[in-house]
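First comes the structure, then the notes that go with it.
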Amino acid sequence: QVQLVESGGGLVQPGGSLRLSCAASGSIFSLNAMGWYRQAPGKQRELVATITSGGSTNYADSVKGRFTISRDNAKNTVYLQMNSLKPEDTAVYYCNADGWGYYDTDPQDYWGQGTQVTVSS
């Protein structure tokens, strides 16, 4: 079993910043790509940013230039630095990891429980 726990969400004013963290724990063998997704009220879940184990990143056009994804492989942790936040960034943000636990028979797609980000004045 591999567990993902997000932290760092909260209420922030437009133009402000937040940093989200997602720590993976459990019987981890390896983690491949990790990423962040978000789901706003009444909308489908969408990809925000991804990062491979080698550090290659990909961003949604809506956040490019404002958000930065990074990871610390030694800590099995992925981060999302969010700057210049807008009201439309309001959503539940979910951490995702693709990898293997020691006892997995197949690669797994792991998800965290989500953390609320609210951008409002």
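What the table below lists for this structure:
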{"quantity": "Qualifying positions in the range 27-49 - closer than 20 Å to residue 101 by Cα and of a type in the set (Ser, Thr, Tyr)", "calculated": "27, 30"}
{"quantity": "Selection within the range 23-45 - under 16 Å from residue 87 (Cβ atoms) and of a type outside the set (Gly, Ala, Ser)", "calculated": "38, 39, 41, 43"}
{"quantity": "Unique match (being farther than 18 Å from residue 118 by Cβ and basic (Lys, Arg)) among 43, 75", "calculated": "75"}
{"quantity": "Positions within the range 70-90 being within 12 Å of the chain's Cα centre (by Cα) and either among the small types (Gly, Ala, Ser) or open to solvent by 10 Å² or more (accessible area, probe 1.4 Å) (or both), in sequence order", "calculated": "70, 71, 77, 79, 81"}
{"quantity": "Residue list for the range 62-106, restricted to those being farther than 30 Å from residue 120 by Cα and free of Cβ contacts under 8 Å to residues at least 24 places away in the same chain", "calculated": "72, 74, 105, 106"}
{"quantity": "Selection from the range 34-56 of residues that are open to solvent by 30 Å² or more (accessible area, probe 1.4 Å) and among the basic types (Lys, Arg)", "calculated": "43, 45"}
{"quantity": "Positions within the range 99-121 being farther than 17 Å from residue 14 by Cα, open to solvent by 60 Å² or more (accessible area, probe 1.4 Å) and at pLDDT 95 or above, in sequence order", "calculated": "111, 113"}
{"quantity": "Among (1) free of Cβ contacts under 8 Å to residues at least 12 places away in the same chain; (2) open to solvent by 50 Å² or more (accessible area, probe 1.4 Å), the one test that residue 59 misses", "calculated": "(2)"}
{"quantity": "Odd one out for residue 14 among (1) part of a strand (DSSP E or B); (2) at pLDDT 95 or above", "calculated": "(1)"}
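The values are calculated or read from the model by the stated rules, or taken from the named source; none is laboratory data. Keep in mind the model is a prediction, meaning the values are calculated, not measured. Cβ atoms come from the backbone with ideal geometry, glycine included; neighbour counts cover every protein chain shown. Side chains are part of the model used for accessible areas, which takes the heavy atoms of the whole protein and leaves out ligands, DNA and RNA. Shrake-Rupley method; radii C 1.70, N 1.55, O 1.52, S 1.80 Å.
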